[in-house]
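The values are calculated or read from the model by the stated rules, or taken from the named source; none is laboratory data. Everything numeric in this text was worked out from a predicted model, so none of it was measured. Cβ placement follows ideal geometry from the backbone for every residue including glycine, while neighbour counts extend to all protein chains displayed. The accessibility values were calculated without ligands, DNA or RNA, using every heavy atom of the protein model including side chains. Shrake-Rupley method; radii C 1.70, N 1.55, O 1.52, S 1.80 Å.
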Amino acid sequence: MAARSVGLLARSPLCAQSRTPVRLAAVRLLSGAGPVAADIGREEQLPGGGETGSEDKTPKKRFSEVQEERREQAQRTVLIHCPHKFSEKKFLKYLSQHGPINNHFFYESLGLYAVVEFAQKESVGSLQSGTLTPRLGAEAAIPFRSRFLSLKLKNAGGQPSEPPSVRASQQLPPSSQRLLERLCRAESVGDQLDTLLKELQLTEENVRLRYLTCSLIEDVAAAYFPDCTVRPFGSSVNTFGKLGCDLDMFLDLDEIGKRSTPKTVGNFLLEFQVKNVPSERIATQKILSVIGECLDHFGPGCVGVQKILNARCPLVRFSHQASGFQCDLTTNNRIALKSSELLYLYGALDSRVRALVFSVRCWARAHSLTSSIPGAWITNFSLTMMVIFFLQRRSPPILPTLESLKALASAEDKCVIEGNNCTFVRDLNKIQPSRNTEPLELLLKEFFEYFGNFAFNKNSINIRQGREQNKPDSSPLHIQNPFETSLNISRNVSQSQLQKFVDLARESAWLLQQDGEGGPAPAPRQPWGLAALLLPSVRDSRSLSKKQNRRPASERIKSLLESIKEHSPDSPTATDGKRTMSTHT
Ligand code: GTP
Ligand code: MG
């Protein structure tokens, strides 16, 4: 369930190398333990609405609180396709006839769009009642009244001819070039990890747009199932999402029954007449089938609707053209929502978690270890589990095990889904911050070292226990599903993909080790630290030329150094920047 990708970073001489040894040493001290490192993390505001940083004393919001606040906000919001030239001031004045506006922003996605949040939900109804259904010439319009509207100018000729004054917010990741420049300008590897996070994480506007898109889809699904809820899950809400990531949606029908209050007077009780089907799976397929049809025929802006109903987890995939999101709609997938909550919690516990996860995900994408196409690749979800596991293994641990989160749970946290115990404490403020103060730079290097030497042949990764366990089967990579504990979330990963991961992890650990020891310094104006890790490796170039990976590590390192030399700006074979880095999946 992942989105579009960009190419690989060029090993181009873009980075003016600003690190002097003295400056680097000073920065290493700063990015190390203590309050300065804490401040770096604290300035991050989680787009999901919570706050990050183990050192932060402000109360952190629960996942469910964030979801409810965002959902309610989205219900008061409309999406408007705008002409390119118009007065923003007059536009807002026109809309505020229907009630006060809390917030608005514009963005470009094959056209200019406005997202307008009213202070009250009633304003949306008032706006809709004053909105026309278009009359098309030869074509017929399906009169579906949604919150996705078009702004028309009654007298286009009479409008100001100057360019629009609106500032469009960015919904896509920065270009590889910009990212590379930013990384190279950083002061240390730790600083690079923070920079990568800031550049790629979902913005406030992007999060709003994700919740709004779910809310618009909910309006369509409500045609069949009034009172249903469409909730975002996965990387859109778990705080590990990168700009451009897909939008995973969960059609929640369980809420429907909960809203009615059965009246049992005397001996009587009324139930709805319903159709029965042989299994939950068939019910899911039938529901998704009609919702898919409905989105295809009546969903404004929903294009390329595919019903993928025979998958292990049946889904409807489509593009929401106006927002630019690739959407995957599922139902009966409550465990995935719970996994998102767990990841949100881990991401909010310590400011280093998200920085590390973003870098590892980006590194994996840059080396084609992950892919937008389903196959034998590691997924972002598995990579996140690996980072969490690694952070549980530090001494002292940076993250608690799932078992200890379960032990902290109160009665109201109890959660059992399809017979699986999914209980863990949901109030972040009940969890003690870690005493571990290891800097990000060290953690990244040790992550690669740890998994470069992990006994994958016999051990399983298990975030519930926070320790290696014997593999229960022969799959090359075994990562226990945290809630459905008999399942392996990386069962799809082949031995060759795992080997590629291990080789690249070793190479990356070695590169960071060299950096840490102060030698051999990269050639002037060459990418360094994290930027160097995101470049095509020796292994990548070998697989491109379809050669077998049989050379020993020392030889690979030698060729790596040669490849760096080859790509130095002084070299006649230096690239011209055509190879670009993958910045999102
Ligand atoms: P992106 O690659 O940025 O989209 O990350 P993602 O976390 O959103 O992953 P994806 O879209 O593939 O899946 C969405 C969510 O489904 C994940 O966050 C998990 O909660 C869940 N999920 C994905 N893969 C698995 C799996 O193999 N097993 C289980 N149990 N859940 C999964
Ligand atoms: Mg996703």
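Residue 130: net charge of surrounding residues, Cβ under 15 Å, Lys/Arg +1, Asp/Glu -1, itself excluded? If you can, show how the numbers build up before the last one.
Working: positive: 93, 145, 147, 152, 154; negative: 122.
Local net charge: +4.
Using a/c under 1.5 as the rounded threshold, could you call the range 106-242 rounded, prolate or oblate? The axes a ≥ b ≥ c are square roots of the C-alpha gyration tensor eigenvalues, and prolate needs a/b larger than b/c, oblate otherwise. Don't skip to the end; give the middle numbers.
Working: a/c = 2.79, a/b = 1.56, b/c = 1.80.
Judged from the Cα gyration tensor, the range 106-242 comes out oblate (a/c at least 1.5, b/c at or above a/b).
Give the peptides 428-436, 80-88, 474-482 in descending order of average Cβ contacts within 10 Å, highest first. Walk me through the numbers on the way to the answer.
On the way: 428-436: 14.2, 80-88: 16.4, 474-482: 19.8.
Result, highest mean Cβ count within 10 Å first: 474-482, 80-88, 428-436.
Keeping every protein chain present and rolling a 1.4 Å probe, give me the accessible area per residue for the range 188-248 in Å². Intermediate values should be presented prior to the final figure.
On the way: 1200 Å² over 61 residues.
Here the per-residue accessible area is 20 Å².
Once the other residues with Cβ under 13 Å from the Cβ of residue 408 are scored (Lys, Arg +1; Asp, Glu -1), what is the net sum? Intermediate results must be reported in sequence, preceding the final value.
Working: positive: 406, 414, 426, 430; negative: 403, 412, 413, 427.
It works out to a net charge of 0.
Please work out how much length the chain gains when fully extended from residue 496 to residue 297, using 0.36 nm per residue of separation minus the C-alpha to C-alpha distance, in nm with one decimal.
This chain segment gains 67.3 nm when fully extended.
Any chance you could run the full-extension gain for residue 283 through residue 446? It's 0.36 nm times the residue separation minus the Cα-Cα distance, nm to one decimal. Walk me through the numbers on the way to the answer.
On the way: separation 163, 0.36 × 163 = 58.68 nm, distance 4.67 nm.
Contour length minus Cα-Cα distance gives 54.0 nm.
With a 10 Å radius around each residue's Cβ, average the other Cβ atoms per peptide and rank 327-337, 139-149, highest first.
Details: 327-337: 22.4, 139-149: 13.1.
Those peptides, ordered most packed to least, come out 327-337, 139-149.
Find the accessible area per residue for the range 340-402; the probe is 1.4 Å, ligands and nucleic acids are left out, and the unit is Å². The partial results should precede the final answer.
On the way: 1270 Å² over 63 residues.
On a per-residue basis, the range 340-402 sits at 20 Å².
Quote to one decimal, in nm, the extra length available between residue 395 and residue 64 on full extension: 0.36 nm per residue of separation minus the C-alpha distance between them.
Values: separation 331, 0.36 × 331 = 119.16 nm, distance 3.12 nm.
Residue separation times 0.36 nm, minus the Cα-Cα distance, leaves 116.0 nm.
With a Förster radius of 51 Å, plug the Cβ-Cβ distance of residue 273 and residue 514 into 1/(1 + (r/R0)^6) and report the FRET value to the nearest 0.05.
Once the sixth-power term is evaluated, E becomes 0.10.
What is the range 333-410's relative contact order, in percent, from Cα pairs under 8 angstrom and six or more apart in sequence?
Values: 36 pairs, mean separation 18.6, N = 78.
RCO, the range 333-410: 24 percent.
Can you compute the FRET efficiency between residue 227 and residue 376 using 1/(1 + (r/R0)^6), with r the Cβ-Cβ distance and R0 = 45 Å? Round to the nearest 0.05.
So the FRET efficiency works out to roughly 0.65.
Taking a 19 Å limit on the Cα-Cα distance, which of the listed pairs 242/430; 406/458; 338/445; 85/152 fall beyond it? Please list the in-between numbers first.
Details: 242/430 28 Å; 406/458 27 Å; 338/445 31 Å; 85/152 11 Å.
Going by Cα-Cα distance, 242/430; 406/458; 338/445 fall outside the 19 Å limit.
When the accessible area of the range 187-326 is computed with all protein chains present and a 1.4 Å probe, what percentage of it is carbon and sulfur? Before the final figure, lay out each step's value.
Values: 3450 of 6420 Å².
Accessible surface attributable to carbon and sulfur in the range 187-326 totals 54 percent.
Could you rank the peptides 498-507, 283-292, 314-323 by their average count of other C-beta atoms within 10 Å per residue, with the highest value first? Walk me through the numbers on the way to the answer.
Details: 498-507: 20.2, 283-292: 18.6, 314-323: 21.9.
Descending packing order for the listed peptides: 314-323, 498-507, 283-292.
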